[in-house]
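J.: Could you have a look at this structure, given as structure tokens, before my questions?
The values are calculated or read from the model by the stated rules, or taken from the named source; none is laboratory data. In this text the structure is predicted, and so the values were computed from the model without any measurement. Here the Cβ positions follow ideal geometry from the backbone for every residue, glycine too, while neighbour counts run over all protein chains shown.
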Amino acid sequence: MRVLLPAIGQSYEHPDIPLSAQSTKNWFPEINQESQTVLSLQPYPGTKTFSSKAGIDRGMTVWGNQLYKVTDKALYSVNTVGVQTSIGTIDGVGRCTFPASATILVIVTSGFVYQYDGNTLSEITDVDLEIPNYAAYLNNQWIYQGSRARFCVSEAGQPANINGLNYASAESEGDDLVRPYVFNQILYLFGEKNTEAWYNSGQGRPPFDRVDGGIIQKGLGAADSLDNNDQSMYFLGDDRIVYQMSGSQVQPISTIPISTLFDAYEDVSTAVGFCFNYHGQEFYQITVSDQTWLYSQDSGGWSQITYSAKEIASPVSSYAEVYGKKLIAIGGDIVELSDSATTFDGEIMIRERITGQVSGEIFGAAGIGLRVFMSRLEIIIKGIPDLDVTPKIMVSWSDDSGYTFSNERIVECGQLGNYQFKAITHQLGSFYERVFKIRISDNSRYSLHKVTGDVDVGA
């Protein structure tokens, strides 16, 4: 009997491995938008060089249809062909945020604030400005993080003009303010233990009032994990859970295994996250210490993103869309996410899927507890191989719920069509429960579409 195996899905690496050994690396689920079903696992894009410069990335942004980037202690403009031109010095060592109006770009980082009008870069040193690490922009005013729970608001259109009367406090819980953030014309004051929503009332000093009922009992665990798309904000909470937030609705999206992994780190405050759209799907990517995870807003599933054959965390620290390109920063370099690229920053990306459990239950209640005999395994992939090389798939399996795996079988694929390939292997023995590990390391971009097995059950 030929059966469809549970090969298409998200990562779910539970600390108690027998509960689930599923894992997805460098693939993400492709969703049928009408039925909301997962059709296949699509490859995370490779990269090609856009602009090269040695150094440490501190952030980048798009302002006035122009890309800007802070590397080490300098602000650069980057043109359409990747040429970086130094504008001036940005002191500090922390990551930068870039709250901007149409005419003024403000750069805020680790106690330093600068403004740039397209011609002149200057430091903001108003004596009434407490030393901020983060800032936001709303209704022609800049909102700066102050000490403790305080924030201040600039005069209209003047980021360097701070009035000492324009301070207020987010005081629902009295915790320190981590970061002000604007989403859908609402000012969110993310604290260590809770978040408050404020709106621009146009009255008083500062001209902001707290939204009725706008107290959210979640704090911000990593200031640079916060980002948004058109629908939602995403952030790592003070409880080390990743949240999706739309208005006052806050939903945890971390799986228990991912939260368990994050709990194991001594410090997660340096986590970096960003949102991006790829092939019509919305994603949120977060790097915590030595692991990078990708969340699909459409499927609600997670995948792990690894860099190089060593399978370490992705080195990506910033993201921007400009010039018709999706650009990411890797150190001082800027690279483009591209469908035509088959490597990630020159490194082969190993794509891996560990399936869900296969057992006699695939035959229904009558098969529970029975031994499964498998004579044939078939894997369908699609893609364009490089250099006319026949793609190879590495297959192994585990009969102890993912604790140990067999030696790998290297299976060459036969071509079914122009871009579709079939890998077949035989004589897979018998088992009560089994998970399969499918790996592709060719210098190519393959999607995983279907895995079937020819099986029988017995006593």
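J.: Among the numbered criteria (1) assigned to a loop (DSSP other than H, G, I, E, B); (2) surrounded by 20 or more Cβ atoms within 10 Å (Cβ to Cβ), which one does VAL127 miss?
T.: Of (1) assigned to a loop (DSSP other than H, G, I, E, B); (2) surrounded by 20 or more Cβ atoms within 10 Å (Cβ to Cβ), only one is false for VAL127: (2).
J.: Here's something else I'd like to know. Could you run through the range 432-448 and say how many residues are assigned to a strand (DSSP E or B) and either among the charged types (D, E, K, R) or free of Cβ contacts under 8 Å to residues at least 24 places away in the same chain (or both)?
T.: 5
J.: Looking at (1) surrounded by fewer than 19 Cβ atoms within 10 Å (Cβ to Cβ); (2) on the phi < 0 side of the Ramachandran plot; (3) within 23 Å of the chain's Cα centre (by Cα), which one does ASN184 not meet, given that it meets all the others?
T.: (2)
J.: Within the range 57-93, work out how many residues are hydroxyl-bearing (Ser, Thr, Tyr), without any contact (Cβ under 8 Å) to a residue 60 or more places away in the chain and either surrounded by 18 or more Cβ atoms within 10 Å (Cβ to Cβ) or not assigned by TED's automatic domain parsing to the domain that holds ILE124 (or both).
T.: Residues flagged as hydroxyl-bearing (Ser, Thr, Tyr), without any contact (Cβ under 8 Å) to a residue 60 or more places away in the chain and either surrounded by 18 or more Cβ atoms within 10 Å (Cβ to Cβ) or not assigned by TED's automatic domain parsing to the domain that holds ILE124 (or both) within the range 57-93 amount to 2.
J.: Does at least one position in the range 105-121 carry a residue that is touching a residue at least 24 places away in the same chain (Cβ under 8 Å), in a loop (DSSP other than H, G, I, E, B) and either crowded, with 18+ Cβ neighbours inside 10 Å or polar (S, T, N, Q) (or both)?
T.: Keep residues of the range 105-121 that are touching a residue at least 24 places away in the same chain (Cβ under 8 Å), which gives 105-109, 113-116, 118, 121.
Okay, now just the ones that are also in a loop (DSSP other than H, G, I, E, B), so 118.
Next, only the ones that are either crowded, with 18+ Cβ neighbours inside 10 Å or polar (S, T, N, Q) (or both) stay: none.
Among the residues of the range 105-121, not one is touching a residue at least 24 places away in the same chain (Cβ under 8 Å), in a loop (DSSP other than H, G, I, E, B) and either crowded, with 18+ Cβ neighbours inside 10 Å or polar (S, T, N, Q) (or both), which makes the answer no.
J.: While we're here: Kindly establish whether SER20 is small (Gly, Ala, Ser), at pLDDT below 85, farther than 25 Å from ARG439 by Cβ and outside the structural domain of LEU337 (by TED's automatic domain parsing).
T.: Spelling it out, it is not the case that SER20 is small (Gly, Ala, Ser), at pLDDT below 85, farther than 25 Å from ARG439 by Cβ and outside the structural domain of LEU337 (by TED's automatic domain parsing).
J.: Say whether the condition of being part of a loop (DSSP other than H, G, I, E, B), under 19 Å from TRP27 (Cβ atoms) and in contact (Cβ under 8 Å) with a residue 60 or more places away in the chain is met by at least one residue in the range 402-416.
T.: Yes, because at least one residue in the range 402-416 is part of a loop (DSSP other than H, G, I, E, B), under 19 Å from TRP27 (Cβ atoms) and in contact (Cβ under 8 Å) with a residue 60 or more places away in the chain.
J.: Can you tell me which residues in the range 419-456 are closer than 18 Å to PHE363 by Cβ and basic (Lys, Arg)?
T.: Result: ARG434, single match.
J.: Could you tell me which of the residues GLN304, GLN285, GLN297, GLN291 is within 25 Å of SER23 (Cβ to Cβ), touching a Leu at 6+ places or on another chain (Cβ under 6 Å) and in contact (Cβ under 8 Å) with a residue 12 or more places away in the chain?
T.: Details: GLN304 fails: touching a Leu at 6+ places or on another chain (Cβ under 6 Å); GLN297 fails: touching a Leu at 6+ places or on another chain (Cβ under 6 Å); GLN291 fails: touching a Leu at 6+ places or on another chain (Cβ under 6 Å).
It is GLN285.
J.: On the basis of being assigned by TED's automatic domain parsing to the domain that holds THR425 and touching a Phe, Trp or Tyr at 6+ places or on another chain (Cβ under 6 Å), does VAL372 make the cut?
T.: Yes, satisfied.
J.: Scan the range 227-244 for residues that are surrounded by 23 or more Cβ atoms within 10 Å (Cβ to Cβ) and among the hydrophobic types (A, V, I, L, M, F, W, C) and jot them down.
T.: PHE235, LEU236, VAL242
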